[in-house]
Every structure is written in C-alpha cells, then in structure tokens.
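Here is the structure we will look at.
The values are calculated or read from the model by the stated rules, or taken from the named source; none is laboratory data. The structure presented is a predicted model; accordingly, all values stated were derived computationally and were not measured. Here the Cβ positions follow ideal geometry from the backbone for every residue, glycine too, while neighbour counts run over all protein chains shown. Just the protein is used for accessible areas: all its heavy atoms, side chains included, with ligands, DNA and RNA removed. Shrake-Rupley method; radii C 1.70, N 1.55, O 1.52, S 1.80 Å.
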Amino acid sequence: MTATVARGKFITLEGVDGAGKSTHHAWLVEHLRAQGRQVVATREPGGTPLAEKLRSLLLAEPMHLETEALLMFAARREHLDKVILPALSRGDWVVSDRFTDASFAYQGGGRGLSQARLATLESWVQGDFQPDLTLLFDVPIAVSRQRLAATGEALDRFEREQGEFFERVRQAYLQRAAQYPQRIRRIDATASVNEITETLRKIIDGFCP
Ligand code: TYD
C-alpha cells in the first residue's frame with residue numbers, strides 16, 4: 001500500500017505590469033525552498049513548451065480580444081495538465097507568476113470581455129480549481145508606468161497599452177480581491193523591496209506555520 005502524499009499548495013502572484021512582482025516571485029520561491037519544500041516556479045501565459053509558444057504569439061501579435069482570451073485559457077489548460085496539477089499531486093508547491101485572475105483583470109477589465117464569457121472559460125478549463133493563496137501587488141498606475149519605463153527594456157503588446165487600460169486592469173484586480181478576501185491578499189507595492197519582503201514573510205508564515 002502506498003502512503004497518500006499531501007497535496008502541495010498553489011500560490012499565484014498578480015498585479016499590473018511594472019508592479020514588481022517578478023522580484024518577489026524569485027524571493028518567494030527561494031524562501032519556500034529554504035524551508036525544505038519542493039517548489040515549482042512557473043509563469044503564465046507559459047510554463048510548458050507549447051504554452052510558451054502561445055505566450056510569444058500573445059505578447060506580439062495583434063488579435064481579436066476573444067482570440068486573446070481563448071489562447072490564454074488554451075495555454076492554461078496545458079500548464080495545468082503538464083505542470084501544475086502533477087506537481088501538486090506529488091506534494092510539491094507551485095508558485096506561478098500570474099494565473100486566471102490576470103484573465104479577469106486584463107481580458108475582462110482591460111479589454112472589456114464579459115465576466116460571463118470568462119467564467120465559462122474558467123469553469124471549462126479548471127472546474128472548481130483555484131489557487132490556495134494569491135498575492136496581489138497593487139500600485140498606482142503612474143508608479144507602475146515609471147517602473148516599466150525605467151527598465152529600459154522593449155515593451156510587449158500589453159505593456160504598450162495606455163494608462164486608462166491599466167487603470168481598468170487595476171480596478172478589476174481590486175474587485176477580485178474584494179470578491180475573494182480569503183484567497184487574495186493585497187500588498188501595497190509602493191513600499192520598498194525590503195518592506196514588501198517582510199510583509200510576504202508574515203503572510204507566508206501565517207499561511208503555513
Ligand atoms: P508578465 O508576467 O507581466 O510578463 P513580463 O513580466 O515578462 O512582462 O505577463 C505577460 C503579460 O500577459 C502581461 O502583460 C499580462 C498578460 N496576461 C493577460 O493579459 N491575461 C492572462 O490571463 C495572463 C496570464 C497574462
């Protein structure tokens with residue numbers, strides 16, 4: 001008889017482009033590994049060879065907003081099947097830079113795709129499956145845009161959107177946080193990296209003592 005392995009935890013990081021979540025994603029993965037956990041670090045759209053190909057298309061090619069939503073969820077289906085669900089069943093933890101809240105924020109809030117359409121795709125692709133914990137890095141758009149500009153890197157198709165687009169994305173994220181207060185923790189991402197790290201440490205230690 002084989003012993004039952006406890007399912008791992010699924011943590012996602014969200015926020016507008018330029019909120020600084022990639023820095024904290026790296027810290028969080030290292031922090032959990034230092035606690036002796038097996039951690040899969042991944043991202044969306046992407047995380048598998050096919051989903052990374054879809055990511056390249058999504059970040060570069062102009063397309064209908066429904067095509068964009070369908071490709072996001074197609075990439076997610078692969079990611080769930082090949083990476084996220086197998087890792088959680090092995091007992092590993094999974095830390096993903098973005099997941100479905102990003103579709104509600106960007107394709108819903110940003111582009112205006114209806115909640116009903118998004119909810120249909122969500123239940124088709126993932127049923128009732130949700131992250132155990134979502135960290136929402138929240139900043140005023142003026143700050144996130146300054147940070148993006150300061151990287152000096154070429155901007156992708158989403159990052160080139162106007163400020164009003166990101167205002168709508170931010171508001172949609174905040175609405176999600178209000179709707180799912182147990183799962184989504186809003187983090188003030190205007191704070192310094194060190195302050196945010198301390199906040200994350202407290203949240204994680206409270207989440208898994
Ligand atoms: P991001 O993690 O910000 O990539 P990078 O830090 O390398 O720029 O994600 C890429 C973009 O994809 C981002 O602008 C948000 C967008 N996105 C959606 O529009 N919908 C989604 O469902 C997901 C997962 C991402």
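Among the residues of the range 121-154, the one identified as open to solvent by less than 70 Å² (accessible area, probe 1.4 Å), at pLDDT below 95 and part of a loop (DSSP other than H, G, I, E, B) is Gly152. State which residue is least open to solvent (accessible area, probe 1.4 Å) when the search covers only the range 36-60 and only residues that are touching a residue at least 40 places away in the same chain (Cβ under 8 Å) and farther than 22 Å from Tyr106 by Cβ. Looking at the filtered set, the residue picked out is Val39. Note on the range 67-84: among residues that are within 13 Å of the ligand (Cβ to nearest atom) and acidic (Asp, Glu), the one that is farthest from Arg157 (Cα to Cα) is Glu78. Taking the conditions (1) near the ligand (Cβ under 8 Å from one of its atoms); (2) under 30 Å from Cys208 (Cα atoms); (3) in contact (Cβ under 8 Å) with a residue 60 or more places away in the chain in turn, Gly110 satisfies each one other than (2). Scanning the range 85-92 for residues that are open to solvent by 20 Å² or more (accessible area, probe 1.4 Å) and within 13 Å of the ligand (Cβ to nearest atom) turns up nothing. Beta carbons closer than 9 Å, at least 6 apart along the sequence or on distinct chains, pair a first residue in the range 161-175 that is in a loop (DSSP other than H, G, I, E, B) with a second that is open to solvent by less than 40 Å² (accessible area, probe 1.4 Å) and not hydroxyl-bearing (Ser, Thr, Tyr) for Glu161/Asp17; Glu161/Gly110; Glu161/Val169.
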